[in-house]
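Structure first, then comments.
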């Protein structure tokens with residue numbers, strides 16, 4: 001049986017829905033840092049950002065089995081966090097503060113008015129959050145995240161067969177374990 | 001890229017009466033807000049938040065079904081309110097010790113010092129420390145001298161070269177020692193540790209010692225004549241669930257937690273083995289052995305070896321790790337006033353200081369507060 005770190009998001013999600021707590025834990029591992037950085041950038045408040053991320057995961061934990069998520073896991077999580085931030089802005093009327101400062105423009109990609117629908121957009125968001133991480137953390141995270149793309153996705157991106165990707169990943173993972181073994185182990189212990 | 005002015009929508013957004021299309025625009029605005037700004041969060045802040053959230057997720061969530069809530073009558077709410085007040089009062093009285101801790105350093109604690117107890121093969125115990133007269137110890141084959149740095153060192157004399165028996169050198173909390181074994185190998189023994197060694201290595205093909213706690217070894221190369229051939233005599237350190245085999249080298253073994261032994265190599269080469277696995281270390285590497293597997297990684301030498309040079313060096317460890325070391329060196333018990341004390345410490349400080357000095361440095365680098373009560377340290381926020 002595959003251990004959670006080797007599973008892609010899609011399978012992780014279905015396992016979580018089936019009540020697998022380890023799958024939930026892995027989802028948390030993968031996304032809490034990204035979502036926290038994302039939320040903090042908008043809210044500029046550590047406690048609020050923490051609460052937002054907590055609430056989203058608490059919801060996931062509580063509703064796990066009854067959730068039907070149509071988008072990808074990452075897109076769903078980002079949307080949930082964004083909605084929570086929306087609520088906070090609403091409650092505190094933060095919008096008005098930005099209006100007063102003249103920050104009321106949006107960049108509109110003429111065709112795409114909908115947001116966070118395409119996997120590509122979410123990936124861009126994730127890359128953005130990774131880029132904002134402190135350097136050492138970023139290095140570890142990049143390697144960690146690369147492992148979570150589905151083999152099919154990578155194969156499509158690189159134009160090679162999923163089998164080849166699997167072999168590559170096996171090598172890369174081994175290399176990673178040799179190189180970063182302790183770091184990963186310690187991260188594992190801390191969490 | 002085209003820009004759209006959504007001033008009117010944003011002004012309405014706070015009041016909730018906007019259309020779904022407008023809401024989407026607000027979301028898009030939110031998505032783009034500060035998106036290109038660098039985040040000012042440190043790795044520790046991010047990790048700390050992660051731990052905090054995870055801890056909260058582990059606690060049972062109060063869940064109230066909205067349908068049920070609507071059915072609640074006023075008196076149920078009233079009863080609930082009384083309960084809340086009662087619970088609040090209980091909480092208050094029980095937790096009154098948990099009010100923010102004020103740092104109190106009355107009755108300071110002095111640091112540990114050089115010293116150890118030697119238990120001879122026949123059961124005789126001698127406590128050796130700075131004040132001990134050299135002659136007394138020497139009767140038992142221990143020579144006390146000063147090394148180049150002026151530090152006290154015990155040399156175990158190999159007088160009765162072929163005597164069979166094991167001696168044990170033990171340190172209590174607040175003691176640390178340096179010992180030179182009959183073969184010239186130098187061992188630093190941290191507080192609350194012990195080293196068992198044979199009175200002579202001469203007759204064995206291997207030089208085997210056992211360690212509990214933490215020790216740093218500078219192993220000299222030793223040879224032995226076997227059938228007229230000169231052969232290297234391997235030095236072996238046994239701990240609870242592993243053996244480290246060496247030729248001539250410098251390394252540290254931390255076996256304070258018998259379920260997670262950490263072996264760090266400074267120089268030379270060692271082979272770490274347990275019943276499950278074997279791992280060869282290169283200089284600068286460290287292996288964590290948890291009984292099932294060995295996890296290899298790079299070590300932070302300063303942090304690992306700080307103790308033998310008389311320092312506490314913490315490079316990003318949690319309060320529990322810090323206090324474990326403090327507790328062993330100052331011979332104090334540690335009580336935590338709150339379950340949620342987070343934060344990582346980056347500290348380099350001499351072990352010669354009084355406890356209060358160490359604690360005040362820790363306070364300055366965190367939101368944590370300490371209180372010394374006799375031989376007890378209370379840790380709180």
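The values are calculated or read from the model by the stated rules, or taken from the named source; none is laboratory data. Only a predicted model underlies this, so the values are computations on that prediction, with no experimental measurement involved. Every residue, glycine among them, receives a Cβ derived from its backbone with ideal geometry; neighbour counts consider all protein chains shown.
Name the residue that is farthest from residue B:314 (Cα to Cα), counting only residues in region B:347-365 that are touching a residue at least 40 places away in the same chain (Cβ under 8 Å) and not in a helix (DSSP H, G or I).
B:354
Filter region B:324-338 down to residues that are without any contact (Cβ under 8 Å) to a residue 60 or more places away in the chain and more than 21 Å from residue B:178 (Cα to Cα), then give me how many there are.
Summing the residues that are without any contact (Cβ under 8 Å) to a residue 60 or more places away in the chain and more than 21 Å from residue B:178 (Cα to Cα) in region B:324-338 gives 4.
Restricting attention to region A:20-50, and to residues there that are free of Cβ contacts under 8 Å to residues at least 24 places away in the same chain and surrounded by fewer than 19 Cβ atoms within 10 Å (Cβ to Cβ), which single residue is farthest from residue A:131 (Cα to Cα)?
Restricting to residues being free of Cβ contacts under 8 Å to residues at least 24 places away in the same chain and surrounded by fewer than 19 Cβ atoms within 10 Å (Cβ to Cβ), the top hit is A:20.
Scanning for something within 14 Å of chain B (Cβ to nearest Cβ), assigned to a helix (DSSP H, G or I) and more than 30 Å from residue A:97 (Cβ to Cβ), does region A:37-45 turn up at least one residue?
No: region A:37-45 contains no residue that is within 14 Å of chain B (Cβ to nearest Cβ), assigned to a helix (DSSP H, G or I) and more than 30 Å from residue A:97 (Cβ to Cβ).
Tally up the residues in region A:53-96 that are in a helix (DSSP H, G or I) and more than 27 Å from residue B:49 (Cα to Cα), please.
Qualifying residue count for the region: 2.
Could you count how many residues in region A:53-77 are in contact with a helix residue (DSSP H, G or I) (Cβ under 8 Å, 6 or more places away or on another chain) and either at pLDDT 80 or above or buried (at least 20 other Cβ atoms within 10 Å of the Cβ) (or both)?
14
Are there strands (runs of 3 or more DSSP E) fully within region B:163-228 with at least 2 residues that are touching a residue at least 60 places away in the same chain (Cβ under 8 Å) and either surrounded by 16 or more Cβ atoms within 10 Å (Cβ to Cβ) or out of contact with any helix residue (DSSP H, G or I) (no Cβ under 7 Å at 6 or more places or on another chain) (or both)? List them.
Because the criterion is at least 2 residues that are touching a residue at least 60 places away in the same chain (Cβ under 8 Å) and either surrounded by 16 or more Cβ atoms within 10 Å (Cβ to Cβ) or out of contact with any helix residue (DSSP H, G or I) (no Cβ under 7 Å at 6 or more places or on another chain) (or both), the strands (runs of 3 or more DSSP E) in region B:163-228 that meet it are B:175-180, B:186-189, B:206-219.
Before we move on, is residue B:345 within 12 Å of the chain's Cα centre (by Cα) and either at positive phi or outside the structural domain of residue B:193 (by TED's automatic domain parsing) (or both)?
yes
What about residue B:236, is it more than 17 Å from the chain's Cα centre (by Cα), crowded, with 20+ Cβ neighbours inside 10 Å, modelled with pLDDT of 90 or more and not in a helix (DSSP H, G or I)?
Judged against the criteria, residue B:236 is not a match.
Filter region B:19-60 for residues that are farther than 21 Å from residue A:48 by Cα and buried (at least 18 other Cβ atoms within 10 Å of the Cβ) and give the result.
Of everything in region B:19-60, just one residue is farther than 21 Å from residue A:48 by Cα and buried (at least 18 other Cβ atoms within 10 Å of the Cβ), namely B:25.
With the requirement that a residue be more than 30 Å from residue B:112 (Cβ to Cβ) and touching a strand residue (DSSP E or B) at 6+ places or on another chain (Cβ under 7 Å), what does region B:283-315 give you?
Matches in region B:283-315: B:294, B:295, B:296.
Please go through region B:303-323 and give me each residue that is more than 14 Å from chain A (Cβ to nearest Cβ), closer than 25 Å to residue B:272 by Cα and touching a residue at least 40 places away in the same chain (Cβ under 8 Å), ordered by number.
B:305, B:306, B:307, B:308
Does residue B:299 satisfy being out of contact with any helix residue (DSSP H, G or I) (no Cβ under 9 Å at 6 or more places or on another chain), surrounded by 20 or more Cβ atoms within 10 Å (Cβ to Cβ) and not assigned by TED's automatic domain parsing to the domain that holds residue B:352?
Answer is no for this residue.
With the requirement that a residue be modelled with pLDDT of 75 or more and not in a loop (DSSP other than H, G, I, E, B), what does region A:101-120 give you?
Answer for region A:101-120, where residues must be modelled with pLDDT of 75 or more and not in a loop (DSSP other than H, G, I, E, B): A:105, A:106, A:107, A:108.
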